[in-house]
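Presented below is the structure to which this report refers.
The values are calculated or read from the model by the stated rules, or taken from the named source; none is laboratory data. If you're wondering where the values come from, they're calculated on a predicted model, not measured in any experiment. So basically every Cβ, Gly included, is an ideal-geometry build from the backbone, and we count neighbours across all protein chains shown. When the accessible area is computed, the model is the full protein with side chains, heavy atoms only, and any ligands, DNA or RNA have been set aside. Shrake-Rupley method; radii C 1.70, N 1.55, O 1.52, S 1.80 Å.
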Amino acid sequence: AQRELEATLSSLDDTTTFDVFIYRYPSVYPPKPRMVRALGRLEKASASKVKKASRWLAGEPAKGWGAFYDGLAALAASEVDTVYFLSDGRPSRGTYDRDFRLLDAFERLNRYRRLTVHTVLVGRAKADRDFLQDLARRTGGLFVDGTTSRAP
C-alpha cells in the first residue's frame, strides 16, 4: 500500500494539492480518536512533499478501529474535495458502526458538499467489498480491489 501511495502521489502534477490523513480510533480505553496529517495542510505535489508524506506514512502503524464516518465527516467539513480511502473492511467503532447506517448518514451529510470518495479494498470478505463499493458509488468515486490490483 505504501509503494502504491508513493507511485500515485508521484504521478500528480504540480498544480494538484494533497495531504495524507489518518483518522485513528485507538483500541485503548478510553478511546480518543484523532486525525493526523503527513503535511499538516494541503501542499503542492512537489517531489519533496511526496517524499515527506511517504516517509511519514511509513512510520505510522496500521492499527486501530474503523471509525470511518467520523473521519469522512471531518474531511467533508474541510477544504478537501477528493479522498482515496484505503481499508480492510467495514466500520467497527465511532458514530456509526453499522455499514448501512454509515452509508445513509454520510450520503445525507455529503448531499451538498459532494466529497468524492475513491475506495481501495485490502480485505477479503464479501461484506467488506460490498461496503467499499457502495461508499464509492454513493459519492461518485471509484472502487479498486487492492487484493488483486485491478478495478472491477
Whichever lysines have a C-alpha closer than 27 Å to that of residue 52, once near sequence neighbours (fewer than 8 apart) are set aside: 32, 44, 63
What accessible area per residue, rounded to a whole number of Å², is obtained for the chain using a probe radius of 1.4 Å? 61 Å²
Quick one: grab the alpha carbon gyration tensor of the chain, order the square roots of its eigenvalues as a ≥ b ≥ c, and give me rounded if a/c is under 1.5, else prolate or oblate depending on whether a/b is larger than b/c. rounded
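Find the Rg to Rh ratio for region 1-43, where Rh is the Kirkwood radius over alpha-carbon pairs and Rg uses the same atoms.
Values: Rg = 13.8 Å, Rh = 12.3 Å.
My calculation of the ratio gives 1.12.
Please tell me the relative contact order of the chain in percent, rounded to the nearest whole number, where contacts are Cα pairs under 8 Å and at least six residues apart. Can you show the working numbers first?
Working: 245 pairs, mean separation 26.5, N = 152.
In percent, rounded to a whole number, it is 17.
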Which one, 94, 18, 47, projects farthest toward the positive side of the charge dipole computed for the chain from Cβ point charges (K/R +1, D/E -1)? 94
Nonlocal amide H pairs with residue 119, under 5 Å, H built at 1.01 Å: 85, 142, 143, 144
What FRET efficiency, computed as 1/(1 + (r/R0)^6) with R0 = 30 Å and r the Cβ-Cβ distance, is obtained for residue 137 and residue 29, rounded to the nearest 0.05? 0.25
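Could you check what % of the DSSP bridge pairs in region 26-152 are antiparallel, to the nearest 5? It would help to have the intermediate numbers written out before the result.
Values: 1 of 10 bridges.
Around 10 percent of the beta bridges assigned by DSSP in region 26-152 are antiparallel ones.
Could you tally the net charge around residue 72, taking each other residue with its Cβ under 12 Å from the Cβ of residue 72, Lys/Arg +1 and Asp/Glu -1? All intermediate terms of the calculation are to be shown ahead of the outcome.
Numbers: positive: 113, 138; negative: 70, 107.
The answer is 0.
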How far is it, in nm, from the label point at residue 63 to the one at residue 10 when both lie 7 Å from their Cα along the line to the Cβ? 3.0 nm
Pick from 115, 103, 42: which is most flexible by mean-square fluctuation in a GNM of the chain where alpha carbon atoms under 10 Å apart are linked? 42
Going Cα to Cα from residue 51, which aspartates and glutamates come in below 16 Å? Please leave out same-chain ones fewer than 8 positions away. 4, 6, 13, 14, 19, 43, 60
May I ask you to order 9-16, 32-39 by the average number of other C-beta atoms within 10 Å around their residues, highest value first? 32-39, 9-16
P(r) over all Cα-Cα pairs of region 113-152, 5 Å bins from 0 to the longest distance, whole percent per bin, short to long, reads 6, 29, 32, 21, 8, 3, 1
